[in-house]
Amino acid sequence: MDLANGGRVVIQLAPTFAPTHVANIKALARGRYWNGASIYRVQDDYVAQWGLNSSDKPWPAGVTAKPPA
């Protein structure tokens, strides 16, 4: 992911463990779903949470709305 300030974020996914979730993330990224979203919580070496808060934006094509646990 390229940032506006010229930085780059590398996100590693694990399709062997969560194939539907990885496919969803890829479909959301390709569909530019998160354009305009913000990162609102980060814990080093653990998690980063981002989103659009309350949004009525439709899912891009190829997203599984309720993936398995």
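Assess whether residue 63 counts as being without any contact (Cβ under 8 Å) to a residue 24 or more places away in the chain and either acidic (Asp, Glu) or out of contact with any Gly (no Cβ under 6 Å at 6 or more places or on another chain) (or both). Taking the combined requirement at face value, the residue does not satisfy it. Out of the residues in the range 36-69 that are closer than 19 Å to residue 10 by Cβ and out of contact with any strand residue (DSSP E or B) (no Cβ under 6 Å at 6 or more places or on another chain), state the one that is least open to solvent (accessible area, probe 1.4 Å). Residue satisfying both the conditions and the ranking: 47.
Checking each residue in the range 5-23 for being of a type in the set (A, V, I, L, M), under 17 Å from residue 50 (Cα atoms) and modelled with pLDDT of 95 or more picks out only 22. Taken over the range 19-52, residues that are part of a helix (DSSP H, G or I) and over 17 Å from residue 3 (Cβ atoms) amount to 11.
When the range 1-29 is filtered for residues that are of a type in the set (S, T, N, Q) and over 11 Å from the mean Cα position of the chain (by Cα), the ones remaining, listed by number, are 5, 12, 16, 20.
The values are calculated or read from the model by the stated rules, or taken from the named source; none is laboratory data. Here the structure is a predicted model, which is why all the values come from computation and not from measurement. So basically every Cβ, Gly included, is an ideal-geometry build from the backbone, and we count neighbours across all protein chains shown. Calculation scope for accessible area: heavy atoms of the full protein, side chains included, ligands and nucleic acids excluded. Shrake-Rupley method; radii C 1.70, N 1.55, O 1.52, S 1.80 Å.
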